[in-house]
Amino acid sequence: MSKLLSRPLLRMQQMTDKMAKGNWDTRLQVGSRDEIGMLGHSINDLAASLQRYRDTRRAFFSNISHELRTPVTYLQGYAKVLTDGLVDSDKEKKQYLSIIYQESVRLEHLINDLFDLSKMEEGQIKLNMEWMDLKITIKTTVQKVKLKAESKRLSLQLDLQDQVPLIRGDRKRMEQVLLNLLENAIRYTEKGSVLVRLTGKKEATVLSVSDTGIGIPKEELPYIFERFYRVEKSRAREYGGTGLGLSIVKKYVEMQDGTVRVDSQMGVGTTFTLIFTHEKKQRRDGMK
């Protein structure tokens, strides 16, 4: 009887020893539905999560090295061309300078994402909370991505309700959230449009970014907000990105008492929706 009761616990001990050594591929065979069985399922879930984290982190380091190498190569190459005077006209010179500027901005975004990730890991993110008008933030951010949308001949549309309550948030971080969502929408949309919609209801302010892009597979939707996660390796190679943008979006939205959800259909498009509940904010401010 003692051996019968202790056998599953010994198996769990053996598995956790393997997990401690970095072997997260192994799984327990769980046959019972009692407390021991529930513990076994929990250990399997933990192993699966650790395995996915390891795999996505490995992919991230591979991807980030590529993402950093590309702009640096452009910067070095075109800077050398200009330094050596290998240009035939002012028009060509301006074109090369424009490429250098665009790649420097791209490099800055990558570095900022890595810096934000580092601060999130250490719990050092601090927000400057104030009452803000989301319409102003939306218009400012849309102007920053307008040229990217036009270069792909995409229609960038705004649908902003007239009377929208102010929300408590950090202007800089909210702009970063919206910029990440808009850049993703433009990156994964080859034709059609990107729509930013803002509506104010009694209980919440709702901001959404919709595109007519390639969409996200249903089975991958639960993981897209995880750090380092990128949808489909082939898609990641084609469109680029670090896999950090959406995890940063989710973190910043939640720090501002909001929630984020995603709806997507392959070949039709994707919509990210941010919801900021008024009651929670008013109640918290009243307590202060």
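Candidates I216, I224: the one that is modelled with pLDDT of 90 or more and either surrounded by fewer than 21 Cβ atoms within 10 Å (Cβ to Cβ) or touching a Ser or Thr at 6+ places or on another chain (Cβ under 9 Å) (or both) is I216. Mind checking whether some residue in region 59-74 is open to solvent by less than 80 Å² (accessible area, probe 1.4 Å), more than 29 Å from K148 (Cβ to Cβ) and at pLDDT 85 or above? No, region 59-74 contains no residue that is open to solvent by less than 80 Å² (accessible area, probe 1.4 Å), more than 29 Å from K148 (Cβ to Cβ) and at pLDDT 85 or above.
Each row is one residue, and each column tells you yes or no for (1) open to solvent by 70 Å² or more (accessible area, probe 1.4 Å); (2) part of a strand (DSSP E or B).
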position	(1), (2)
H109	no, no
G123	no, no
W131	yes, yes
K135	no, no
T140	no, no
Q143	yes, no
A149	no, no
Q157	yes, yes
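Of the residues making up region 159-172, those that are farther than 16 Å from F272 by Cβ and outside any loop (DSSP other than H, G, I, E, B) are L160, I167, R168, G169, R171, K172. The residue that is nearest to the chain's Cα centre (by Cα), among those in region 262-282 that are charged (D, E, K, R), modelled with pLDDT under 95 and open to solvent by 70 Å² or more (accessible area, probe 1.4 Å), is K280.
For region 54-69, what are the residues that are among the hydroxyl-bearing types (S, T, Y) and in contact (Cβ under 8 Å) with a residue 12 or more places away in the chain? Spell out how you get there, then give the answer.
Just the residues of region 54-69 that are among the hydroxyl-bearing types (S, T, Y), to begin with: 56, 62, 65.
Passing the criteria: only T56.
Being of a type in the set (D, E, K, R), open to solvent by less than 80 Å² (accessible area, probe 1.4 Å) and within 30 Å of E183 (Cβ to Cβ) is the requirement here; does K91 meet it? Full working, then the answer.
Details: of a type in the set (D, E, K, R): yes; open to solvent by less than 80 Å² (accessible area, probe 1.4 Å): no; within 30 Å of E183 (Cβ to Cβ): yes.
No.
Could you check region 150-167 and list, in sequence order, the residues that are under 17 Å from E203 (Cα atoms) and without any contact (Cβ under 8 Å) to a residue 24 or more places away in the chain? Explain how you work it out, then say what you get.
Kept after step one, since they are under 17 Å from E203 (Cα atoms), are these residues of region 150-167: 161-167.
The answer is D162, and nothing else.
Residues in region 198-213 that are touching a residue at least 40 places away in the same chain (Cβ under 8 Å), of a type outside the set (D, E, K, R) and either crowded, with 21+ Cβ neighbours inside 10 Å or under 30 Å from K126 (Cα atoms) (or both): L198, A204, T205, V206, L207, S208, V209, S210, G213. Being in contact with an Asp or Glu (Cβ under 9 Å, 6 or more places away or on another chain) and either of a type in the set (G, A, S) or without any contact (Cβ under 8 Å) to a residue 40 or more places away in the chain (or both) is the filter; apply it to region 28-52 and report the residue that is least open to solvent (accessible area, probe 1.4 Å). Here the residue is A47. Pull up region 182-197, narrow it to residues that are surrounded by fewer than 23 Cβ atoms within 10 Å (Cβ to Cβ) and part of a helix (DSSP H, G or I), then point me to the one that is nearest to the chain's Cα centre (by Cα). Ranking the qualifying residues of region 182-197, first place goes to N184.
The values are calculated or read from the model by the stated rules, or taken from the named source; none is laboratory data. These numbers were taken from a predicted model, which means no experiment stands behind them. With ideal geometry, Cβ positions are generated from the backbone for all residues, glycine too; neighbour counts draw on all protein chains shown. Side chains included, ligands, DNA and RNA excluded: accessible areas come from the protein's heavy atoms. Shrake-Rupley method; radii C 1.70, N 1.55, O 1.52, S 1.80 Å.
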